[in-house]
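Here is the structure we will look at, set down as structure tokens.
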Amino acid sequence: MPSPKVVIVGAGPAGLMAAEVLARGGAQVVVHERMPSPARRLLMAGRGGLNLTHSEALADMLGRYGDRSSRLAPLLEAFPPQALRDWVEGLGQETFVGSSGRVFPKALKASPLVRAWLVRLAALGVEIRLRSTWAGWNAEGRPLFQQGDGDPVAQPADALLLALGGASWPRLGADGGWTDILSAAGVPPAPLQPANCGFVADFRPDFVQRFAGAPLKAAALRHGRREVRGEILLTERGLEGGAVYALSAPIRETLAATGEAWAFIDLRPDRLAADLAARLARQDRKASLSNRLRKALSLSPAAIGLLREAGPVPSEPLALAERVKSVPVRLTATAGLERAISTAGGVRFEDLDSGLQLRARPGTWIAGEMLDWEAPTGGYLLQAVFATGVHAARDILARLG
């Protein structure tokens with residue numbers, strides 16, 4: 001009996017992980033990638049150290065996926081963080097747990113991992129066809145691929161796995177163009193939206209000119225009832241940084257509902273307002289406001305500038321301390337999908353069976369960021385992407401025998 005042929009669209013982490021599982025299971029695997037080289041997004045992530053997963057307990061990790069945690073739970077339980085670490089180390093890349101609990105390869109970059117992975121895939125017989133763009137299906141249901149200016153050509157396949165990514169960082173390959181194809185096929189995805197993104201703020205041009213690019217270290221950001229500590233970066237458009245990304249989902253929802261969202265920055269989250277007020281009261285009242293804030297609270301020029309940008313600064317110590325603990329910033333829009341770290345929205349789980357196969361088009365599976373889920377940075381994104389690729393591949397093997 002001939003081996004089943006599986007066609008995968010997308011040479012990112014979900015597609016390549018699925019290719020490895022399928023090839024080990026005896027399938028003939030062909031991966032189509034529209035870019036000139038594979039794993040571009042993964043290589044870009046490696047420039048920041050390549051946060052692979054997180055070391056926290058799986059039960060705590062599942063909570064990071066919000067209302068999608070119940071759908072992702074069986075996938076992550078079948079391919080948990082330790083399994084991902086074992087797989088990485090099997091490629092000769094030692095991992096370690098950072099002080100924040102995040103897991104990284106010891107090399108702190110993706111290129112050695114990707115090189116070793118591509119060698120392994122080639123040895124397993126996986127074929128990767130570059131500059132090959134998926135164009136939907138023909139009348140017989142075979143997947144169509146286009147290279148250059150030529151007409152789309154149908155490819156034989158016993159199963160098709162789509163792992164085309166979301167729509168953030170489109171220059172790396174994932175542009176969300178697949179949404180039109182699936183909508184025409186009767187499977188309209190949830191609208192793609194920026195996740196782990198920055199936001200546009202009501203900053204004046206002179207403030208932006210002076211402080212764009214300045215970080216607010218050890219700050220905290222509050223929106224609604226949620227508060228997150230971390231770095232906040234002042235940009236030419238508004239706010240970015242880890243604390244901002246962690247609250248991007250609720251801020252995005254508030255913007256969609258009301259057209260604006262208020263965030264409040266605590267410039268000294270490790271101190272109570274009364275303590276800050278006492279420190280300020282001991283300063284020379286004749287000194288300038290900047291000198292008082294710098295000497296008493298060790299605020300940076302950017303933090304002091306932000307205080308002034310938020311409106312008239314109180315002079316009375318307690319009122320000033322309370323402002324330091326809650327600097328209001330009016331946000332008016334997301335910084336844009338093309339600048340976001342990840343994407344929310346995508347193929348709804350309701351349109352899939354338990355194996356991630358499309359109900360409306362049997363024989364087609366979905367994996368990775370094409371699925372309608374989101375998570376904060378910290379290793380949760382890549383962990384779920386890899387796990388969905390493994391899950392879809394195992395389901396394909398089970399169904400094809």
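The values are calculated or read from the model by the stated rules, or taken from the named source; none is laboratory data. Small disclaimer: the values here were computed from a predicted structure and weren't measured. Cβ: placed from backbone, ideal geometry, glycine included. Neighbour counts: every protein chain shown. What goes into the accessible areas is simple: the full protein's heavy atoms, side chains included, and nothing from ligands, DNA or RNA. Shrake-Rupley method; radii C 1.70, N 1.55, O 1.52, S 1.80 Å.
For the stretch 1-142, what does the relative contact order come out to in percent, with C-alpha contacts under 8 Å and a separation of six or more? Display every interim value, and only then the final one.
Values: 195 pairs, mean separation 47.5, N = 142.
Taking the mean separation of contacting Cα pairs over the length of the stretch 1-142, I get 33 percent.
Under a crude label model (7 Å from the Cα following the beta-carbon direction), how far is ARG348 from ALA154 in nanometres?
Between ARG348 and ALA154, the simple spin-label model gives 3.0 nm.
Averaged per residue, what accessible surface does the stretch 60-179 expose to a 1.4 Å probe, in Å²?
So the stretch 60-179 comes to 49 Å² accessible per residue, rounded to a whole number.
With +1 assigned to the C-beta of every Lys and Arg and -1 to the C-beta of every Asp and Glu, and no other charges, what is the dipole magnitude of the stretch 123-254 about the Cα centre in debye, to the nearest 20? Don't skip to the end; give the middle numbers.
On the way: 13 positive and 14 negative charges, 141 e Å.
Using Cβ point charges on Lys, Arg, Asp and Glu, the stretch 123-254 gives about 680 debye.
Relative contact order for the chain: what is it in percent, counting Cα pairs under 8 Å that are at least 6 residues apart?
It comes to 23 percent, rounded to a whole number.
As I understand it, the dipole of the chain uses +1 on the Cβ of Lys and Arg and -1 on the Cβ of Asp and Glu, about the Cα centre. Which of ALA107, ALA319, SER288 lies farthest toward its positive end?
SER288
Within straight cross-link reach of LYS286, meaning Cα distance under 15 Å, which aspartates and glutamates are found once same-chain residues fewer than 8 apart are removed?
GLU316
Just to be sure I understand the model, the point goes 7 Å from the Cα along the line to the Cβ. What's the resulting GLU338 to ASP206 distance in nm?
3.2
Obtain the nm distance between the two label points defined at ALA123 and ASP284 by a simple spin-label model: each point lies 7 Å from its Cα along the Cα-to-C-beta direction.
With each label point 7 Å from Cα toward Cβ, the separation is 7.1 nm.
Once you order the gyration tensor axes a ≥ b ≥ c over the Cα atoms, which shape class does the chain get: rounded for a/c under 1.5, otherwise prolate or oblate by comparing a/b with b/c?
Values: a/c = 2.61, a/b = 2.17, b/c = 1.20.
Because a/c hits 1.5 or more and a/b exceeds b/c, the chain counts as prolate.
Subtract the Cα-Cα distance of ALA107 and ARG359 from 0.36 nm times their separation in residues, and report this length gain in nm to one decimal. Walk me through the intermediate numbers first.
Numbers: separation 252, 0.36 × 252 = 90.72 nm, distance 4.17 nm.
Answer, rounded to one decimal: 86.6 nm.
With +1 on each Lys and Arg Cβ and -1 on each Asp and Glu Cβ, and nothing else charged, work out how big the dipole of the chain is about its Cα centre, in Debye to the nearest 20. Before the final figure, lay out the partial values.
Working: 47 positive and 39 negative charges, 304 e Å.
My answer is approximately 1460 debye.
Go through the stretch 240-319 and name the GluC sites (Glu not before Pro) that are in a DSSP coil and have 14 or fewer other Cβ atoms within 10 Å of their Cβ. Mind dumping the intermediate values first?
On the way: sites: GLU240, GLU253, GLU260, GLU309; in loops: GLU260.
Sites meeting the loop and neighbour criteria: GLU260.
Could you go through the stretch 383-390 in sequence order and give the Karplus-derived ³J(HN,Hα) for each residue, using 6.51 cos²θ - 1.76 cosθ + 1.60 with θ = phi - 60°, rounded to whole Hz, and x for Gly and Pro?
4, 6, 4, 4, 5, 5, x, 4
Based on alpha-carbon centroids, what's the gap between the stretch 351-377 and the stretch 1-48 in Å, whole number please?
About 16 Å separates the Cα centre of the stretch 351-377 from the one of the stretch 1-48.
Given a 1.4 Å probe, how much area per residue of the stretch 267-332 is accessible, in Å²?
Working: 3270 Å² over 66 residues.
Per residue, the stretch 267-332 has 49 Å² of solvent-accessible surface.
Between the stretch 319-335 and the stretch 259-314, what is the separation of their alpha carbon centroids in Å?
What the calculation gives is 11 Å, centre to centre.
Send over the Kirkwood Rh of the stretch 143-274, from the inverse of the averaged 1/r over different Cα pairs, rounded to one decimal Å.
18.2
Within the accessible area of the chain, what % is carbon and sulfur when the probe is 1.4 Å and the other protein chains stay in place?
Numbers: 8810 of 17620 Å².
Carbon and sulfur atoms account for 50 percent of the accessible area of the chain.
Which listed residue (LEU331, ALA59, THR388) has the Cα farthest towards the positive end of the charge dipole for the chain, taking +1 on Lys and Arg C-beta and -1 on Asp and Glu C-beta about the Cα centre?
It is LEU331, whose Cα lies furthest towards the positive end.
Can you give me the Rg/Rh ratio for the stretch 181-228, using Cα atoms for both radii and the Kirkwood formula for Rh?
In the stretch 181-228, Rg relative to Rh is 1.21.
Is the stretch 85-224 rounded, prolate or oblate when judged by the Cα gyration tensor, a ≥ b ≥ c being the square roots of its eigenvalues, rounded requiring a/c under 1.5 and prolate requiring a/b larger than b/c?
Oblate, because a/c is 1.5 or more while a/b does not exceed b/c.
With the Cα gyration tensor of the stretch 19-112 in hand, convert its eigenvalues to equivalent ellipsoid semi-axes via √(5λ) and list them largest first in whole Å.
23, 20, 14
Output the Cα-based Rg and Dmax of the stretch 304-401 in Å, rounding Rg to one decimal and Dmax to a whole number.
Rg and Dmax of the stretch 304-401, Cα atoms, are 23.0, 75 Å.
Can you tell me the length gained on complete extension of the stretch LYS5 to ALA398, counting 0.36 nm per residue apart and subtracting the Cα distance?
Length gained between LYS5 and ALA398: 140.1 nm.
Report, in degrees rounded to the nearest 10, the 0 to 90 angle that the Cα long axis of helix 13-24 makes with the longest principal axis of the chain.
Long axis of 13-24 versus the principal axis of the chain: about 30 degrees.
Work from the charge dipole of the stretch 71-191 (Cβ charges, +1 for Lys and Arg, -1 for Asp and Glu, about the Cα centre) and give the residue of THR133, VAL153, VAL187 farthest towards its positive end.
Going by the charge dipole, the pick is THR133.
Could you tell me the relative contact order of the stretch 278-383? Use alpha-carbon pairs under 8 Å, at least six residues apart, and round to a whole percent.
It comes to 16 percent, rounded to a whole number.
Taking 0.36 nm per residue of sequence separation and subtracting the Cα-Cα distance, how much length would be gained by fully extending the chain between ARG131 and ALA256, in nm to one decimal?
Extending this stretch completely gives an extra 41.3 nm.
Would you work out the charge dipole size for the stretch 214-337 about its Cα centre, treating the Cβ of every Lys and Arg as +1 and the Cβ of every Asp and Glu as -1, and quote it to the nearest 20 debye? Could you put the intermediate results ahead of the total?
On the way: 20 positive and 13 negative charges, 97 e Å.
Approximately 460 debye in magnitude.
What is the helix-to-structure angle for 81-90, meaning the angle in degrees between its Cα long axis and the longest Cα principal axis of the chain, kept from 0 to 90 and rounded to the nearest 10?
For helix 81-90, the angle is close to 70 degrees.
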